[in-house]
Amino acid sequence: MTSVALVRRFRFLVALAVAVGLVATAAPIAVRLKVEAARPADLALPTARLVEDRTGRLLRPFVVENGLWRLPVTRGDVDPLYLAMLRVAEDNRFDTHRGVDGLALLRAGWQLLTSGRIVSGGSTLTMQVVRLAERRHTRTVPGKVGQIVGALALERVAGKDAILDAYLTLAPFGGNLEGVRAASLAWFGHEPRRLGAAKAALLVALPQAPEARRPDRFPDAARAARNRVLDKAEAAGLISAANAAAARAEPVPSVRRDFPLLAPQTAARVLRETPDAHVVRLTLDGTLQEKLERLAAERAEAIGERVSVAVLVADIATGEILADVGTADLFDRRRDGFVDMTRAVRSPGSTLKPFIYGLAFESGMAHPETLVEDRPTAFGSYDPKNFDKTFHGTVTVRRALELSLNVPAVQTLEAVGPARLVARFRRAGVTARLPDMTPAGLAVGLGGVGLTLRDLTALYAALANGGRPVRLVERWDDPGDPAPAKPVLDPRAAAYVTDILAGTPGAARGDARVALKTGTSYGYRDAWAMGYDGRIVVGVWVGRPDGAPMPGLMGADVAVPILGDVFVRAGGVTALPPPPPGLLAATGASLPPPLRRLRSPRAEVSARTAAPAIAFPPNGARVDLGFAAGQPAPLTVQVRNGRAPFTWFADGKPVGREPYGRDFTLTPAGKGYLTVSVVDADGRADRITVFVE
């Protein structure tokens, strides 16, 4: 034995002797005074800030001081077998001693004398907590004495549970790992709730020599230390001989795993927004998030080296965001992976066309079977053309939306007004970004406005919700503000749009259908697919984050297949809800004359000087409101022409006054014939008679 080793052994023996003397002294008053004067170790050490999913699954932890991975953990988070092994191997009398175990110290000294090496240090778990919390060096006499005094002082103010939790949080496991939770995630890839004998024994063994026993560097030392713990556990009756043998045969981990990194950009942002929160729980579904992040990475790799993919999934009923994929690869600089493309302002392409037609349906200007012209048309200096450079002549609104024709959409937007369209976006909590803060123009309808994927998802959530706004939320504890009261579209208009989108090519998903709309921005810079079923709304963006064009990048080709896979990985397609009562099912020939063909804005201007005319329902129609089912719905009527305000009558009795709008809802007293009349501000009137049932 070298002289250095002899000196070290001598110093340890002296420290051990002093420690035993302190415990067994016949004059305990001095010790008591020293303990009372000592300041107990502070167990409230900083731990990692965490972001969790809706079930409490860890999405992303963040390092603490000096880059340490120290995650919050308590005994309730750990496999009971591990706790039992820890007591057997480290401190069998933990529950009964007062911080120091004199018998353990004597045993450690005897083992040193008889074997010539340190077999065990005699430190209790409490003593180890003091050493770890105070970063105390205990291989010297003052250090060991201070550790013992500190342990006695700590047990005077802290309970056993708190001390055990502190050990589970502070114990070193190699490198920058502290605490059993961080160790379990790093070495095994899962939480420590269920470990099994082999993993539990390894976690018990590592803290005693965390660097010398690191499994990824010294697997033989790690295996030997683990097996010694298994021997003790078997001798104590914690595990059977068969289980111990099976555990010894298990390999030790050869690599250190990465910590969870799901929804990384969202996690970082919400922690910045909530600086006082230690743990933030999101509405995300961690399992779905993981699947969709993998999907985004796979598809981006297949499309191109500089391409990124963003996906947003939200629950229609609650507005809870279930998945938020902002990038295809966070660490890929070629794809600008650091950019969260769910919040990047981009051109929405043709994705706004459903809302243009929805306003036309709501205003009584059009019906899905209304005819509209797809011919070369100039709107002042604006000369839109279709994507395929061809024109289809006279088509129905349904066909125009299914084919995403540009000229009919601009013609319809001219009729309903671009400012009105942008105003409806605000009802969904969406603010459109216009170039140079200019007023909304007709180019808005074809993507001449800035929106984010989150904005579009909110708009389509409202469409899926029967026109009622849906407030998107991402934090589990966020009570939030209520959704705006005013609808984005009325229920009938939303139902007409949904019916058209569910018939779009590519909308079928097995036996069910998804309401689907694609979009491609000018210059092939952004490819979009927006879709919803009866449960969720999904938004997909594909493109280059730097905005560079990608010739041939189209929503129908690259975004729609991703959207289809999202629905599959989200559990399949849920049937769309049934339409509300009162929809007009008619062909072009049987439509009321005002609805047979979309009129130009110039005709609309002249119509404002004409007498009011009830556009819906048509005179003599039979309207099924659900009286047979016992739960009748209200009847919505619409007026064209005339000047507001409008006063409405049912069977000659006044039922309401609408100061601005051109639609009104009334509740018939019962089934049968009903006469509805309207009078405008100038005293001009119109009347219809319908049969409600």
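Here are a few things to note about the model shown:
- Filter result (out of contact with any helix residue (DSSP H, G or I) (no Cβ under 9 Å at 6 or more places or on another chain) and closer than 20 Å to Ala529 by Cβ) within the stretch 412-457: Thr452, Leu453, Arg454, Thr457
- A count restricted to the stretch 529-569 and to residues that are touching a Gly at 6+ places or on another chain (Cβ under 6 Å) and closer than 15 Å to Gly349 by Cα stands at 5.
- Within the stretch 274-301, restricting attention to residues that are assigned to a helix (DSSP H, G or I) and among the charged types (D, E, K, R), the residue that is surrounded by the fewest Cβ atoms within 10 Å (Cβ to Cβ) is Arg294.
- Restricting the first member to the stretch 373-402 and to residues that are over 22 Å from Gly417 (Cα atoms), and the second to residues that are surrounded by fewer than 17 Cβ atoms within 10 Å (Cβ to Cβ), the beta-carbon pairs closer than 7 Å and six or more apart or on different chains are Phe391/Arg375; Phe391/Pro376; Gly393/Arg375.
- Considering Asp565, Asp557, the condition of being assigned to a helix (DSSP H, G or I), under 23 Å from Ala317 (Cα atoms), of a type in the set (D, E, K, R) and in the same structural domain as Gly326 (by TED's automatic domain parsing) is satisfied by Asp565 alone.
- Among the residues of the stretch 455-475, the ones that are surrounded by fewer than 21 Cβ atoms within 10 Å (Cβ to Cβ) and either assigned to a helix (DSSP H, G or I) or of a type in the set (A, V, I, L, M) (or both) come to 1 in all.
- Among the residues of the stretch 522-531, the one identified as within 16 Å of Asp324 (Cα to Cα) and either at pLDDT below 95 or of a type in the set (Phe, Trp, Tyr) (or both) is Trp528.
- Checked against (1) at pLDDT 95 or above; (2) farther than 19 Å from Thr498 by Cα; (3) buried (at least 22 other Cβ atoms within 10 Å of the Cβ), Arg335 passes all but condition (1).
- Boolean, Ala494 is over 30 Å from Arg281 (Cα atoms), of a type in the set (A, V, I, L, M), at pLDDT 95 or above and not assigned by TED's automatic domain parsing to the domain that holds Asp53: yes
- Checking the stated criteria, Val410 turns out to be within 21 Å of Leu489 (Cα to Cα), without any contact (Cβ under 8 Å) to a residue 60 or more places away in the chain and crowded, with 20+ Cβ neighbours inside 10 Å.
The values are calculated or read from the model by the stated rules, or taken from the named source; none is laboratory data. Keep in mind that what you see is a predicted model, and the values were worked out from it rather than measured. Positions of Cβ are backbone-derived with ideal geometry, glycine not excepted, and every protein chain shown enters the neighbour counts.
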